[in-house]
Amino acid sequence: MAITASSAAPATLASVTLEVADPGAARSFYSAFGVDGYIRLRSSDAPSTGFRGFTLALTVSGPATVDGFVAAAADAGATVLKPATKSLWGYGGVVRAPDGTIWKIATSAKKDTGPANRDIDEVVLLLGVEDVKATKQFYVGRGLTVAKSFGGKYAEFATGGSGPVKLALYKHRALAKDLGVTPDGTGSHRIVIGSTGDSFIDPDGFAWEAVQS
């Protein structure tokens, strides 16, 4: 019998595992990119085409640091989907790792106040979902606490101190547009979210897997 929200153990995001065809090559890439401490890797040949429905977003201190991360990713084999550029909200760029995972690197600062560095202020796992309000309520039912919410457009959850990555929700099509890709995709999301509670599948097919405390 399926576990209902009221009986399920509360869950918070404890880890992010990317499913890749070649863990060794992916490990080398993420080490060069500078984000290997935020993710885990697992071998998988599950079919997946097009947009996988999520991105991992890095928040850093300034434009020069954004440029450094984008350059490091490109040098290690990533495809630049959107070159780093200024916008109304700040400065940022988007890259796709050789394994297909899309990463966004951004800052709210429009000017540098210091030299470039390799520090990451925040990592957010942004899930593209069909119905932000419904999925938000699903996660609240699983025990997550909403930290920010903007109607049916965006929702962000408190970390609870359980892991280095924050969880947020965004409209699927809007996320794809922001990343510079088409919204269509089929097959596996190629990501497994580590849960401090029970294992479950969310309304958009993202898998959560119970992890050892």
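Scan the range 53-67 and give yes if some residue there is free of Cβ contacts under 8 Å to residues at least 40 places away in the same chain, out of contact with any His (no Cβ under 7 Å at 6 or more places or on another chain) and surrounded by 22 or more Cβ atoms within 10 Å (Cβ to Cβ), otherwise no. So far as the range 53-67 goes, no, none of its residues is free of Cβ contacts under 8 Å to residues at least 40 places away in the same chain, out of contact with any His (no Cβ under 7 Å at 6 or more places or on another chain) and surrounded by 22 or more Cβ atoms within 10 Å (Cβ to Cβ). With the condition kept exactly as written, say whether any residue in the range 85-92 is outside any loop (DSSP other than H, G, I, E, B), free of Cβ contacts under 8 Å to residues at least 40 places away in the same chain and surrounded by 15 or more Cβ atoms within 10 Å (Cβ to Cβ). Yes - at least one qualifying residue is present in the range 85-92.
Here is the figure for the range 93-125: residues that are among the polar types (S, T, N, Q) and buried (at least 18 other Cβ atoms within 10 Å of the Cβ) total 2. Listed conditions (1) surrounded by 18 or more Cβ atoms within 10 Å (Cβ to Cβ); (2) touching a helix residue (DSSP H, G or I) at 6+ places or on another chain (Cβ under 7 Å) are all met by VAL181, apart from (2). Among the residues making up the range 1-40, those that are at pLDDT 95 or above, closer than 19 Å to SER199 by Cα and touching a Lys or Arg at 6+ places or on another chain (Cβ under 6 Å) are THR17, GLU19.
When residues in the range 131-161 are screened for being among the acidic types (Asp, Glu) and either in contact with a Lys or Arg (Cβ under 8 Å, 6 or more places away or on another chain) or in a strand (DSSP E or B) (or both), 1 of them pass.
Filtering the range 59-76 down to residues that are assigned to a helix (DSSP H, G or I) and of a type in the set (Gly, Ala, Ser), which residue is farthest from ILE102 (Cα to Cα)? Quick ask: steps written out before the conclusion?
Let us first name the residues in the range 59-76 that are assigned to a helix (DSSP H, G or I), namely 63-75.
Still in the list and also of a type in the set (Gly, Ala, Ser): 64, 68, 71-74.
Numbers: ALA64: 20, GLY68: 17, ALA71: 15, ALA72: 15, ALA73: 11, ALA74: 12 Å.
Checked the range 59-76; the qualifying residue farthest from ILE102 (Cα to Cα) is ALA64.
All of GLY77, GLY128 fail the test of being crowded, with 18+ Cβ neighbours inside 10 Å, at pLDDT 95 or above and either within 27 Å of ALA26 (Cα to Cα) or over 18 Å from the mean Cα position of the chain (by Cα) (or both), apart from GLY128. The residue that is farthest from ALA14 (Cα to Cα), counting only those in the range 176-200 that are of a type in the set (S, T, N, Q) and either part of a loop (DSSP other than H, G, I, E, B) or touching a Phe, Trp or Tyr at 6+ places or on another chain (Cβ under 9 Å) (or both), is THR182.
The values are calculated or read from the model by the stated rules, or taken from the named source; none is laboratory data. From a predicted model like this one, the values you see are computed outputs, not experimental measurements. FYI the Cβ positions are ideal-geometry reconstructions off the backbone, even for glycines, and counts take in every protein chain you see.
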